[in-house]
Amino acid sequence: MGMLSSLKDAVSGQSNNLESNETGSSTNSYGLLIGGELVQTGETLDVINPATEEIFTSVPLAGAGELEAAVAAATTAAKNFKSTSIEERQALIKKIVKAMGAHKEELALALVQEQGKSLDMARLEVDFSMGFAMHFTTVGLPIEVLLETDAQRVEIHRKPLGVVAGITAWNFPLLMAAYKLAPAILAGNAIILKPAPTTPVSTVMLGEIIKDIVPPGLVSILVDNNELGAKITSHPGIAKISFTGSIATGKKVMASGADTLKRVTLELGGNDAGIVLDAADPKAMAQNLFNVAFMNSGQVCIALKRLYVHDSIYDAICDEMAVLAKGAIVGDGMKDGTQFGPVQNKQQFEIIKGFIEDAKANGNIIAGGQVPDIPGYFIPLTVVRDISDGTKLVDEEPFGPILPIIKFSDIDEVIERSNRLDYGLGGSVWSSDVDKAVKVAEKMDTGTVWINSHMAFGPNIPFPPCKQSGVGVEWGKEGLNEFTSMQVINIAKG
Ligand code: NAD
């Protein structure tokens, strides 16, 4: 099915889709989990469905009072919780995952309607959220013996930080909540979660789902309209911020946390380059490249965002990518067959339109590029060729369904080109010669480099950013350690 007809179908199918809200979570009686209670605040925030631009539901809006209540409850909860054993914490996380499992479909339906993604993608996000949390039931924080001699024994212990906060972005709201909550709890902390204002529903639902499972105050959910972030990041009762969002806001988080010397983990924006050295089968490779560039409509921090292709296969890869983009079904995520949903919010929609204008001026659009005049923040998957470094589309992160494909002929030169920006999240090298690809990977200034794939990630694999893509690490042993305070116990013997 062609792009435009799919978009039209998406619109004509809206009434059916909205009916299915009734099976979802379209209710105005949500409560924010604070101090073990579901709290109504007297104020609400409307949540817009990006596929319809209509109000999907509304959730309570927290203010400074709710933040103080959450910090007070979290402080008490953290004091009680810090003496629990690893096994008790793992058991608690298992119960949380089990409870999520009992509400999988409601969570998925809420994700579609608040975020815009397809139902399949939403179900995958719920599964990933549970899988990430479950991982932290299989790992611990054992005492590490650094040194053992006749005279001395040096041990490294990992202690809880106390109250931590997780501030999240709107592309994978539930997954981010889960992958911050589980390691925070495993490390013995209380956590306050604050989702992005445009996608609070699944996080609020998570709070409701686990209300009777977690000790009061151990997990709090606060919804804001972008006013609480600065208050959270400067709050003296909060020891650490685990932040996922844009580079611009990440800098504010770091500055705001400085006064109280907060620990910060910042997972920020990326502009991942993929470098294709050669392609034995351009068609098969293009399919892989397409999947990692446009997943979740390109709204992934580690999506492939700049594709450098060797001139020997440039035309073949461009042609294949255009065919795939033109054949993609973009529409309302609630509608059967939809592969790619709209952009999540109006602000981002306008930003992506700006990137399309840049592509028109500086490149050659070979798929997409025409934004339909219909309700919803729909952008057809857009592929741009004959574009160079130094343009807005190549140098800045679009965070949407638009991909520039740039030609190169010299490997050393393309490595330098890929490294020239302040971003350093991920990158990839594609070649049938893996050794050659690894040599290129070693020269790339990014936290992760994939060979012949992109975006492959998991809770057991550290996710470290380079340069301005962030500070600290999430996931893996290193990511878990960031939710702890290291203590050295240095024992003199005899
Ligand atoms: P954003 O920075 O605008 O918002 C992120 C969160 O920060 C939201 O919850 C927001 O309410 C909150 N916030 C706003 N002002 C704040 C302040 N002054 N202090 C503290 N918090 C504040 O980012 P976004 O637009 O929601 O997300 C898109 C960006 O996130 C992209 O750049 C993307 O690459 C990045 N991202 C990174 C990762 C990663 O793991 N590296 C993952 C997903 C998204």
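The values are calculated or read from the model by the stated rules, or taken from the named source; none is laboratory data. Here the structure is a predicted model, which means the values were calculated and not measured. Neighbour counts run over all protein chains shown; Cβ positions are idealised from the backbone, glycine included. Protein only, heavy atoms only, side chains kept; ligands, DNA and RNA dropped before computing areas. Shrake-Rupley method; radii C 1.70, N 1.55, O 1.52, S 1.80 Å.
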* Taking into account only those residues within the range 90-142 that are assigned to a loop (DSSP other than H, G, I, E, B) and among the β-branched types (Val, Ile, Thr), which is surrounded by the fewest Cβ atoms within 10 Å (Cβ to Cβ)? -> Thr138
* Among the listed residues Asn16, Asn28, which satisfies the condition of being surrounded by fewer than 21 Cβ atoms within 10 Å (Cβ to Cβ), within 30 Å of His235 (Cβ to Cβ) and at pLDDT below 95? -> Asn28
* Asked: In this structure, does Gly188 turn out to be at positive phi and either open to solvent by less than 30 Å² (accessible area, probe 1.4 Å) or of a type in the set (Phe, Trp, Tyr) (or both)?
  -> yes
* Any residue at all in the range 244-256 that is more than 10 Å from the ligand (Cβ to nearest atom) and surrounded by 18 or more Cβ atoms within 10 Å (Cβ to Cβ)? -> no
* Would you be able to say whether some residue in the range 88-97 is within 24 Å of the chain's Cα centre (by Cα) and among the small types (Gly, Ala, Ser)? => no
* From the residues in the range 431-446 that are over 23 Å from the mean Cα position of the chain (by Cα) and of a type in the set (Val, Ile, Thr), which one is nearest to Asp272 (Cα to Cα)? -> Val440
* Go through the range 230-243 and count every residue that is near the ligand (Cβ under 8 Å from one of its atoms) and either modelled with pLDDT under 95 or closer than 20 Å to Pro160 by Cα (or both). => 4
* Structure fact -> Expected single match for among the β-branched types (Val, Ile, Thr) and either surrounded by fewer than 16 Cβ atoms within 10 Å (Cβ to Cβ) or farther than 15 Å from Ile275 by Cα (or both) among Val449, Val471 is Val471
* Flag for Ser242 being assigned to a strand (DSSP E or B) and more than 30 Å from Arg417 (Cβ to Cβ) -> yes
* To do: Working carefully through the options Pro375, Pro380, find the one that is more than 16 Å from the ligand (Cβ to nearest atom), open to solvent by less than 20 Å² (accessible area, probe 1.4 Å) and not β-branched (Val, Ile, Thr).
  => Pro380
* Tell me which residues, restricted to the range 401-430, are within 16 Å of the ligand (Cβ to nearest atom), buried (at least 22 other Cβ atoms within 10 Å of the Cβ) and farther than 20 Å from Glu320 by Cα. => Tyr423, Gly424, Leu425, Gly426, Gly427
* Asked: From the residues in the range 229-243 that are of a type outside the set (Gly, Ala, Ser) and over 21 Å from Tyr179 (Cβ atoms), which one is least open to solvent (accessible area, probe 1.4 Å)?
  -> His235
* Lys477 fails exactly one of the following numbered conditions: (1) farther than 21 Å from Gly269 by Cα; (2) surrounded by 21 or more Cβ atoms within 10 Å (Cβ to Cβ). What is the number of that condition? -> (2)
* Structure fact -> For the range 242-253, pairs from a residue that is in contact (Cβ under 8 Å) with a residue 40 or more places away in the chain to a residue that is of a type in the set (D, E, K, R) and more than 7 Å from the ligand (Cβ to nearest atom), with Cβ under 7 Å and 6 or more apart or across chains, are Ser242/Lys180
* Residue list for the range 34-77, restricted to those being within 30 Å of Gly188 (Cα to Cα), free of Cβ contacts under 8 Å to residues at least 40 places away in the same chain and of a type in the set (A, V, I, L, M, F, W, C) -> Val39, Ala69
* May I ask you to say which residue of Cys318, Cys301 is open to solvent by 10 Å² or more (accessible area, probe 1.4 Å) and at pLDDT 95 or above? => Cys301
* Those residues of the range 300-319 which are out of contact with any helix residue (DSSP H, G or I) (no Cβ under 7 Å at 6 or more places or on another chain), of a type outside the set (Val, Ile, Thr) and not in a strand (DSSP E or B), in sequence order -> Cys301, Asp311, Ser312, Tyr314, Asp315, Cys318, Asp319
* To do: Kindly check whether there is at least one residue in the range 279-286 that is among the basic types (Lys, Arg), assigned by TED's automatic domain parsing to the domain that holds Asn364 and either under 26 Å from Gly166 (Cβ atoms) or open to solvent by 10 Å² or more (accessible area, probe 1.4 Å) (or both).
  => yes
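Yes or no, residue by residue, for (1) closer than 16 Å to Asn171 by Cα; (2) in contact (Cβ under 8 Å) with a residue 12 or more places away in the chain:
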position: Ile317; (1), (2): no, yes
position: Lys326; (1), (2): no, yes
position: Gly333; (1), (2): yes, yes
position: Asp336; (1), (2): no, no
position: Gln339; (1), (2): yes, yes
position: Gln344; (1), (2): yes, yes
position: Ile351; (1), (2): yes, yes
position: Ile356; (1), (2): no, yes
position: Gly368; (1), (2): no, yes
* Structure fact -> With the first residue restricted to the range 136-157 and required to be among the basic types (Lys, Arg), and the second required to be open to solvent by 70 Å² or more (accessible area, probe 1.4 Å) and part of a loop (DSSP other than H, G, I, E, B), Cβ contacts under 8 Å at 6 or more apart or on different chains are Arg153/Lys493
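Matching residues to (1) outside the structural domain of Met130 (by TED's automatic domain parsing); (2) more than 15 Å from the ligand (Cβ to nearest atom); (3) in contact (Cβ under 8 Å) with a residue 12 or more places away in the chain; (4) more than 21 Å from Lys180 (Cβ to Cβ):
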position	(1), (2), (3), (4)
Val440	yes, yes, yes, yes
Lys443	yes, yes, yes, yes
Thr448	yes, no, yes, no
Ser453	yes, yes, yes, yes
Pro464	yes, no, yes, no
Lys467	yes, no, yes, yes
Asn481	no, yes, yes, no
* To do: Only residues that are in a loop (DSSP other than H, G, I, E, B), crowded, with 24+ Cβ neighbours inside 10 Å and within 11 Å of the ligand (Cβ to nearest atom): list them for the range 199-228, please.
  => Thr199, Pro200, Leu222, Val223
* Structure fact -> Per the filter on the range 381-430, residues within 14 Å of Ile275 (Cα to Cα) and aliphatic (A, V, I, L, M) are Val394, Leu403, Ile405, Ile406, Ile411, Val414, Ile415, Val429
